[in-house]
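Here the structure comes first, spelled out in C-alpha cells, and everything after it is commentary.
The values are calculated or read from the model by the stated rules, or taken from the named source; none is laboratory data. None of these values were measured; they are calculated from a predicted model. No Cβ is skipped: glycine too gets one built from the backbone with ideal geometry, and neighbour counts run over all protein chains shown.
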Amino acid sequence: MSKLIAISATADTSKISLSLNYARSLEGAGLVPMIVPPLTDPTRAGDILDSVGGLLLTGGEDVDPKRYGAPPHPKLGKINPQRDATELALLEAARDRRLPVLAICRGIQILNVAFGGTLYQDLPSEHPSAVGHDSPRDAASRTHDVTITAGSRLAAATGAAAMAVNSYHHQAVCHVGAGLRVTAIAGDGVIEGVEVDDPAWWVLAVQWHPEDLTTEVRSWARGIFKAFADEIARAEKAATRPSSAPRPGLAS
Ligand code: MN
C-alpha cells in the first residue's frame, strides 16, 4: 500500500486538466497525488490501482445518461464517454481491492451510476427549488446547508450534524444505487452525500467541493481529507501486519 492517490482528471484532445486544489488538499493530509487522465484502454485501471493507496474521483463533465439507461435531457451538459469508462473501471478495480475511495461532485454521480443508480440531468428543470445549487459565487462560498446522517462515515469525518457547503452542480443523485446509503441531504431534498454500505470498503462521496475549503481556519472539509488519509494508513497497517509464516531473505 502507499500514500499515493490516483486522482481522475479530464482531458480534451490535447491537454489534461484538473483543479489544483484536489492535489493540494491531498498533500495537506499527508498524501501524494498522482493524476490519471481518461485512458484509451480502461482495462488498465487495475494496473494503476495496484500502485496506489486510494482513489479520488473529481468534478467535471456530466455522466453520459446512456450509462443509466436514460435519454439525453435537452439541458444535458458536455459528456466525456472515455472518462466515464475510465472512472467506472477504476471504481470496479477499487472495489476488487477494497481500496479507499473519496468521490467529489461528478465523483458522487459516477459512483451512484456504478451502483445502478440514476441522476437528475438538470436540477433547475427536473427538481426546481429555492436552493441555488449552481452558485455563480466563488468556489469557496458556502451557499446552502446540508444535514448529515448521524453514525455515517461523513459524520465521523466532519464531526458535524449539519453544515453550510459550497455548491456548483446542475446534476445530482436521483435514485440511489443499491448498496449505497445517503449521508447528506440539502434543504430541498437533493442528495449531497452517499457512502458504500460495506464495513470492509471505505467509500465516501459528497456533491459539494471540500477541496476548495481545506485552507479555511476551521474546516470540516479538511476533516474529510484527513479521514481519507487515516483510512489509508489503517488499511496499510492491516496489509503489512507481519505474517506468522517465515519470510525468505534475499540470500536464501
Ligand atoms: Mn448542492
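Quick notes on this structure:
- Whichever residue in segment 212-227 is part of a loop (DSSP other than H, G, I, E, B) and under 18 Å from residue 57 (Cα atoms) and, among such residues, is farthest from the ligand (Cβ to nearest atom): 214
- Search result, residues across segment 175-186 that are of a type in the set (A, V, I, L, M, F, W, C) and farther than 25 Å from residue 141 by Cα: 176, 178, 180
- Scanning segment 158-172 for residues that are in contact with a helix residue (DSSP H, G or I) (Cβ under 6 Å, 6 or more places away or on another chain) and away from the ligand (no atom under 11 Å from the Cβ) yields a total of 3.
- When residue 184 is tested against (1) modelled with pLDDT of 95 or more; (2) out of contact with any Ser or Thr (no Cβ under 8 Å at 6 or more places or on another chain), only condition (2) is not met.
- Test: residue in segment 92-106 that is within 16 Å of the ligand (Cβ to nearest atom), part of a helix (DSSP H, G or I) and out of contact with any Cys (no Cβ under 7 Å at 6 or more places or on another chain): yes
- Selection status of residue 137, more than 15 Å from residue 197 (Cα to Cα) and basic (Lys, Arg): yes
- Any hit, segment 126-137, residues being surrounded by fewer than 17 Cβ atoms within 10 Å (Cβ to Cβ) and away from the ligand (no atom under 16 Å from the Cβ): no
- Against the test of being more than 16 Å from the ligand (Cβ to nearest atom), touching a Lys or Arg at 6+ places or on another chain (Cβ under 9 Å) and modelled with pLDDT of 95 or more, the options 178, 114 yield a single qualifying residue, 114.
- Complete set of residues in segment 122-158 that are of a type in the set (Gly, Ala, Ser), in a loop (DSSP other than H, G, I, E, B), modelled with pLDDT of 95 or more and within 19 Å of the chain's Cα centre (by Cα): 152
- Per-region count, segment 140-157, residues closer than 14 Å to residue 182 by Cα, within 12 Å of the ligand (Cβ to nearest atom) and without any contact (Cβ under 8 Å) to a residue 60 or more places away in the chain: 0
- Residue 64 vs. criteria of a type in the set (Asp, Glu), surrounded by fewer than 17 Cβ atoms within 10 Å (Cβ to Cβ), without any contact (Cβ under 8 Å) to a residue 40 or more places away in the chain and out of contact with any His (no Cβ under 9 Å at 6 or more places or on another chain): no
- Residue count for segment 158-190, restricted to those that are of a type in the set (Val, Ile, Thr) and touching a residue at least 40 places away in the same chain (Cβ under 8 Å): 5.
- When the residues of segment 190-211 are filtered to those that are away from the ligand (no atom under 13 Å from the Cβ), more than 10 Å from residue 102 (Cβ to Cβ) and acidic (Asp, Glu), the one that is surrounded by the most Cβ atoms within 10 Å (Cβ to Cβ) is 195.
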